[in-house]
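Undergrad: Take this structure, written in structure tokens, and hold onto it; I'll ask about it next.
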Amino acid sequence: MLRKALPLLLLFLLFPLLSCRVSHLEKIEFLIGVSNSSMLEEWRIQLNRELKEEADRYPFLSVIFTDAASSTEKQMEDIDKLMGFGIDLLIISPCDVERMTPVISGIYGTIPVIILDRVVDGYDYTLFIGPDNENIGRLGALALHRLLGAEGGRVLEISGPLDQLSSRSRSRGLHREAESRYPAIRLGEPLIVTPQNRDRAEDLLLENPGLLDDIDAIYTHTDGLALGVSRALVALGRRDIPIVGTDSPSGESGSGDLVAQGLIHSSVESSTGGREAVRFALDILNRRTGVPKQVILRSRIVSGESRDLGEGTLLPRERGSGITLGYAQVGTESQWRVSNTKSIIQAAKEFDIDLIYRDADQNQEAQIAHLREFIRRRVDVILLSPIVEEGYEEVLREAREAAIPVLLSDRKINSPDEELYMTFIGGDFREEGRRAARWILRQYGDKGARILELWGTSGATPTVERHEGFAEIIDGEGPYRILFSGTGDFTREGGYAIVADYLQSHVPSGVEVIFAHNDDMILGAIDAIRERGLKPGEDIKLISVDGTRAALSALRKGEMNFVVECTPLLGDQVMKAVMDLMQGKDLPMRIVTDERTFTAEQVDDSLIRRRSY
Ligand code: GYE
């Protein structure tokens, strides 16, 4: 207590300018430091407001706020000070992501770190909470399409500096979506506003009214910019040009307000994540299990006519009346799947949720029939692990019409209608593919390698994204060659068949590495390699994804070389999401699980016992 109280008193005396609120000193158990990159935009003020409001609900929690005033040097000093005050956890919205990465890694070695808004490179932090900026841009294109209709028109995009990752991602999403889905929306080069603020946006247009010639609509990357633009349009007598903005759901110049005041046509919300940050901070400080690695917030279009609020109509019964969860599982194709099912069933019991479990045996038609059965039986919530990404829209619309919310776990669906499901809980498959590829790169360097890639089920998210992540780094060009890729359907037999066939019909010494999208397939590959009289892990290096007990044991014996973890233990997080939903809380768009990698040197019996399944 003294450790915490003393620096706090000093803080009062020495740093009166820091916005600091400490009440009930004697009761404080946890001290959280917040390092905000600036307080210039309404979005950031709103972020601090939400952090404070949420923290105020817990009397044993205290928060110290610092404002880096857009300077990385100042942010580093702020963090030093916060550390000096003995904070238990740091919440940071970094000014310059690249320069802050090593600082954040250093802090993460001492206390937990939650990063907001801009994710740093690598995985040296406890949790990232933020928006999916590319998706925000895509929703911007949809909002413009709704505004302009099928005829489309010329749109002036107004952005902050494009060396900011968030601006770049928003712009990319906007352009990609417009090109692929709404080609009638014509976008040119964005107009860059530096410094990115309301007044500069207003001045820029007032100084260059010609920029508005032939423009049918304006899209701005923030609502601060939108406000400046709308003032300029009034001054120039061009209120006929509608504006689509982007930003925080509430607050003074928040999207809702600007739309309500009729200043802009619509806006894509980008939540701050302040509330979620405090809730997860408590989970972390209390050492609760199931804390994810990334929480990606949902964005919605707000417009005068409608607020796209899926769950407003979908709120199920109050808790306590017994919750029924219909669980549509893929099948039993792998050890991962078996452990995943166990984890869900076990967690449902612990949370006192009635589970109706259906196993589709990897057959999509059967799975869709299971979903229809859940709708007929009027379950409270549906949990779907979709076999493939396409083909679920119709049945999910039926669920929505029946006011039954759907949670996706493990795999995603591909649909522009994000309101078909409440959240996705699962791994970062693209990163898993990248991690496998990075290991190969580290081993073979400029020499390169000849590789076989064993794919999972065609059209399933982990297959699509593991391949994409892998190919981002190893594209088959230069010294690295993908000799063959085949689909083993995530099964041991499938993996065996591909590798046995390949080694039959080719010179076995031609293959140097096999990357399998899951452990079961690599175990099948090990069987096939042995059959050909070769040594798995030596004659051919083997890598796979999952982290099952069998794979880690093979790794320890030297029969494999690298395992990328993808945890099937999603039960706790799924049930927490169900409970949040029942209590009317807004769920994030994606909850990404915490995962690591394993090399032969890292694996011993105790790790296998602790970490695998
Ligand atoms: O990696 C594989 C399973 O969807 C993440 O499916 C899951 C994958 C997992 O059969 O083993």
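The values are calculated or read from the model by the stated rules, or taken from the named source; none is laboratory data. All values derive from a computational prediction rather than experimental measurement. Neighbour counts run over all protein chains shown; Cβ positions are idealised from the backbone, glycine included. Just the protein is used for accessible areas: all its heavy atoms, side chains included, with ligands, DNA and RNA removed. Shrake-Rupley method; radii C 1.70, N 1.55, O 1.52, S 1.80 Å.
Undergrad: Are any residues in region 536-591 within 16 Å of the ligand (Cβ to nearest atom), acidic (Asp, Glu) and on the phi < 0 side of the Ramachandran plot, and if so, which ones?
TA: Correct list: Glu565 only.
Undergrad: Any residue at all in region 514-521 that is open to solvent by 10 Å² or more (accessible area, probe 1.4 Å), farther than 26 Å from Gly391 by Cα and not in a strand (DSSP E or B)?
TA: Checked against the condition, which is being open to solvent by 10 Å² or more (accessible area, probe 1.4 Å), farther than 26 Å from Gly391 by Cα and not in a strand (DSSP E or B), region 514-521 yields at least one hit.
Undergrad: Residue check: is Ser458 open to solvent by 30 Å² or more (accessible area, probe 1.4 Å) and either closer than 30 Å to Glu373 by Cα or in contact (Cβ under 8 Å) with a residue 24 or more places away in the chain (or both)?
TA: yes
Undergrad: Also, quick follow-up: Give me the pairs: first residue in region 511-527 and away from the ligand (no atom under 14 Å from the Cβ), second residue part of a helix (DSSP H, G or I) and open to solvent by 10 Å² or more (accessible area, probe 1.4 Å), beta-carbon distance under 6 Å, and six or more apart or on different chains, which are they?
TA: Asp527/Tyr496
Undergrad: Keeping to region 490-510, report how many residues are open to solvent by 60 Å² or more (accessible area, probe 1.4 Å), farther than 14 Å from Ile526 by Cβ and modelled with pLDDT of 95 or more.
TA: So the count comes out to 1.
Undergrad: If Pro588 satisfies all but one of (1) out of contact with any helix residue (DSSP H, G or I) (no Cβ under 9 Å at 6 or more places or on another chain); (2) surrounded by 23 or more Cβ atoms within 10 Å (Cβ to Cβ), what's the number of the condition it fails?
TA: Against the list (1) out of contact with any helix residue (DSSP H, G or I) (no Cβ under 9 Å at 6 or more places or on another chain); (2) surrounded by 23 or more Cβ atoms within 10 Å (Cβ to Cβ), Pro588 comes up short only on (1).
Undergrad: Would you check which residues across region 567-582 are surrounded by fewer than 24 Cβ atoms within 10 Å (Cβ to Cβ) and outside any helix (DSSP H, G or I) and list them?
TA: Selection gives Thr567, Leu569.
Undergrad: A further question on this structure: Is it true that some residue in region 135-144 is modelled with pLDDT of 95 or more and touching a Pro at 6+ places or on another chain (Cβ under 6 Å)?
TA: No, every residue in region 135-144 fails to be modelled with pLDDT of 95 or more and touching a Pro at 6+ places or on another chain (Cβ under 6 Å).
Undergrad: I would also like to ask the following. Is region 118-134 home to any residue that is open to solvent by 30 Å² or more (accessible area, probe 1.4 Å), farther than 29 Å from Thr423 by Cα and outside any loop (DSSP other than H, G, I, E, B)?
TA: Checked against the condition, which is being open to solvent by 30 Å² or more (accessible area, probe 1.4 Å), farther than 29 Å from Thr423 by Cα and outside any loop (DSSP other than H, G, I, E, B), region 118-134 yields no hits at all.
Undergrad: A further question on this structure: Could you say which residue among Arg430, Arg397, Arg434 is over 17 Å from the mean Cα position of the chain (by Cα) and assigned to a helix (DSSP H, G or I)?
TA: Arg397
Undergrad: Criterion first (farther than 18 Å from Leu420 by Cβ, more than 23 Å from the chain's Cα centre (by Cα) and within 16 Å of the ligand (Cβ to nearest atom)) does Asp354 satisfy it?
TA: Against the criterion (farther than 18 Å from Leu420 by Cβ, more than 23 Å from the chain's Cα centre (by Cα) and within 16 Å of the ligand (Cβ to nearest atom)), Asp354 does not qualify.
Undergrad: Please specify each residue of region 52-74 satisfying the condition of being closer than 21 Å to Tyr108 by Cβ, in contact with a strand residue (DSSP E or B) (Cβ under 6 Å, 6 or more places away or on another chain) and not aromatic (Phe, Trp, Tyr).
TA: Hits for region 52-74 are Leu61, Val63, Ile64, Thr66.
Undergrad: Output yes when any residue across region 414-433 is in contact with a Lys or Arg (Cβ under 6 Å, 6 or more places away or on another chain) and within 11 Å of the ligand (Cβ to nearest atom), and no when none is.
TA: Scanning region 414-433, I find at least one residue that is in contact with a Lys or Arg (Cβ under 6 Å, 6 or more places away or on another chain) and within 11 Å of the ligand (Cβ to nearest atom), so the answer is yes.
Undergrad: Going through region 366-385 one residue at a time, which ones are within 16 Å of the ligand (Cβ to nearest atom) and either in contact (Cβ under 8 Å) with a residue 60 or more places away in the chain or among the charged types (D, E, K, R) (or both)?
TA: Leu383
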